[in-house]
Amino acid sequence: METTPDGGLRAAEDRARELEERIAAEPGAFRILTGDRPTGPLHLGHYFGTLANRVRLQRAGVELFVLVADYQVLTDRDVAERLDEHVEGLVADYLAAGIDPSTATIFRHSAVPALNQLMLPFLSLVSIAELNRNPTVKDEIASSRQASVSGLMFTYPVHQAADILFCKANLVPVGKDQLPHQEITRTIARRFNERYAPVFPVPDALLSAAPSLLGTDGQKMSKSRGNAIALSAGPDETARLIRRAVTDDDRHITYAPDTRPQVSTLVRIAALCQDRDPHAVAAEIADGGAAALKKVVTDSVNEFLRPIRARRAELTADRTHLRRVLAEGEKRANAIADRTLEEVRAAMAS
Ligand code: TRP
């Protein structure tokens, strides 16, 4: 487990640079597992934070497994509402963003029984004290809408180890909040290999370089706060959200994330969409004030999302196709999970 005061952040950053070089040299040596909870549409924060990176790595030749983490929805709520709708929406977001289902394996927890079965032996490999120390779980417990903490909330990082290890993924692209989970996965892989037989790779976290995108109010971007621009939102909804965005009194627009978080968030959104330096974008608006800034942001986002939205509309019009993509991914995931579970049984029995 991580013991350094920064939670191993510096080490993870150094490691990410090293990994990027190895990926560029030998993409075929890597298998990525990544995923999302199906709780609502993906937004611009997801796009620039992780989707674009997945697409980049897939195009570079890395094999991609994408998990629709439906059982993980139940960590902080009693029931997963409108699950089918959210699952289909998520698959549509993935494909619209450019994930290629002909080489990516897209699947749900609930459709791959052997994956879930790995959780039992894995639970035996970690202590309650180790689970208790996980800062991300602590934060989630603090902001949970439930009156009490479920056993799943407490143990889902172990389930996540099963998500990653069932397919023997060796690379997990993550934001820094996921580093503690990644450490648990590595611990479980190591301990299983030591206690029984060398079955699992010890997967690396690939920390994403981009700092996370704030919402239109300068707070953490999230659907429930109403400050997130969904990939599926129309141009009018986008304009409305940006019109309501929080700015400040200084008419001179600059990019200064530390001192002007709200204005800088808007500048950064426009810069990401235009693939330009945020300082250049701010300098161009200069004394135009919040109104000019918001116009630039709205136009940039709508322009950038136009092709993604068009693809998404086509995809959601053909639900059979989305269902087929999942069915094929799940068939593949099941074959792999069954094989891994067999190896685990054999290792534990001998
Ligand atoms: N915890 C991730 C999230 O909330 C989703 C997830 C589930 C995941 N299993 C995973 C991510 C395995 C990476 C690897 O977004």
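The values are calculated or read from the model by the stated rules, or taken from the named source; none is laboratory data. Nothing here was measured: the structure is a model prediction, and the numbers come from that model. Please note: Cβ atoms are built from the backbone with ideal geometry, for glycine as well, and neighbour counts cover all protein chains shown. Remember, those area values only see protein heavy atoms, side chains included, never the ligands or the DNA or RNA. Shrake-Rupley method; radii C 1.70, N 1.55, O 1.52, S 1.80 Å.
Collect residues whose amide H, placed 1.01 Å from N in the peptide plane, falls under 5 Å from the amide H of Lys220; neighbours closer than 5 in sequence don't count.
Amide H neighbours of Lys220: Gly215.
Considering only the chain, what is the antiparallel percent among its DSSP beta bridges, to the nearest 5? Numbers along the way, then the final one.
On the way: 2 of 17 bridges.
So the antiparallel bridges in the chain amount to around 10 percent.
Output ³J(HN,Hα) for the stretch 283-288: one whole-Hz value per residue in order, computed from phi by the Karplus curve 6.51 cos²θ - 1.76 cosθ + 1.60 with θ = phi - 60°, and x for Gly and Pro.
4, 5, 7, 6, 8, x
For each pair in Lys220/Lys331; Lys223/Lys295; Lys138/Lys223; Lys138/Lys294, compute the distance between the two Cα atoms and list the pairs where it is over 31 Å.
Checking Cα-Cα distances, Lys220/Lys331; Lys138/Lys294 exceed 31 Å.
Taking amide H positions as placed in the peptide plane 1.01 Å from N, state which residues far from Gly35 in sequence (5 or more) or on other chains have amide H under 5 Å from it.
For Gly35, whose amide H was placed from the backbone, the distant partners under 5 Å are Leu67.
Set the Förster distance to 30 Å, then compute FRET efficiency between Glu81 and Val246 from the Cβ-Cβ distance, nearest 0.05.
Step by step, r from the Cβ atoms, then E = 0.55.
Using unit Cβ charges (K, R positive; D, E negative) and no other charged atoms, how large, in debye to the nearest 20, is the dipole of the stretch 235-316 about its Cα centre?
Using only the charged Cβ atoms, the result is roughly 360 debye.
Could you give the accessible area per residue of the stretch 235-316, probe 1.4 Å, as a whole number in Å²?
Result: 53 Å² per residue.
Given the rule -39500 (n - 2.57) for each run of at least 4 DSSP H residues, summed and divided by the residues of the chain, what is its mean residue ellipticity at 222 nm, to the nearest 500 deg cm²/dmol? List each step's numbers first, then the result.
Values: 14 runs with 186 residues, N = 350.
Using -39500 (n - 2.57) per qualifying helix, the result is -17000 deg cm²/dmol.
How large is the accessible surface per residue of the stretch 115-167, computed with a 1.4 Å probe and reported in Å² as a whole number?
44
What value in Å³ per residue do you get for the convex hull of the alpha-carbon atoms in the chain?
Values: hull volume 49.8 nm³, N = 350.
Per-residue hull volume (Cα only) is 142 Å³.
With θ set to phi - 60° and the Karplus curve 6.51 cos²θ - 1.76 cosθ + 1.60, what are the ³J(HN,Hα) couplings of the stretch 82-99 in order, to the nearest whole Hz, using x for Gly and Pro?
6, 5, 4, 5, 5, 5, 4, x, 5, 4, 4, 4, 4, 5, 5, 6, x, 5
Return the sequence-ordered ³J(HN,Hα) values of the stretch 320-330 in whole Hz as given by the Karplus equation 6.51 cos²θ - 1.76 cosθ + 1.60 applied to θ = phi - 60°, using x for Gly and Pro.
Calculated HN-Hα couplings, in order: 4, 5, 4, 4, 5, 4, 5, 4, 5, x, 6 Hz.
So which GluC sites (Glu not before Pro) in the stretch 29-137 pass both tests, a DSSP loop state and at most 12 other Cβ atoms within 10 Å of the Cβ?
Glu81
Computing the accessible area with a 1.4 Å probe over protein heavy atoms, can you report the carbon and sulfur percentage for the stretch 235-316?
Exposed carbon and sulfur together represent 51 percent of the surface.
Would you please give the FRET efficiency between Glu343 and Ala29, computed as 1/(1 + (r/R0)^6) with r the Cβ-Cβ distance and R0 = 22 Å, to the nearest 0.05? Present the calculation step by step, with values, prior to reporting the outcome.
On the way: r = 20 Å, r/R0 = 0.93.
Efficiency computed from Cβ-Cβ geometry: 0.60.
Carbon and sulfur: what percent of the stretch 26-153's accessible surface (1.4 Å probe)?
Details: 2750 of 5230 Å².
That fraction is 53 percent.
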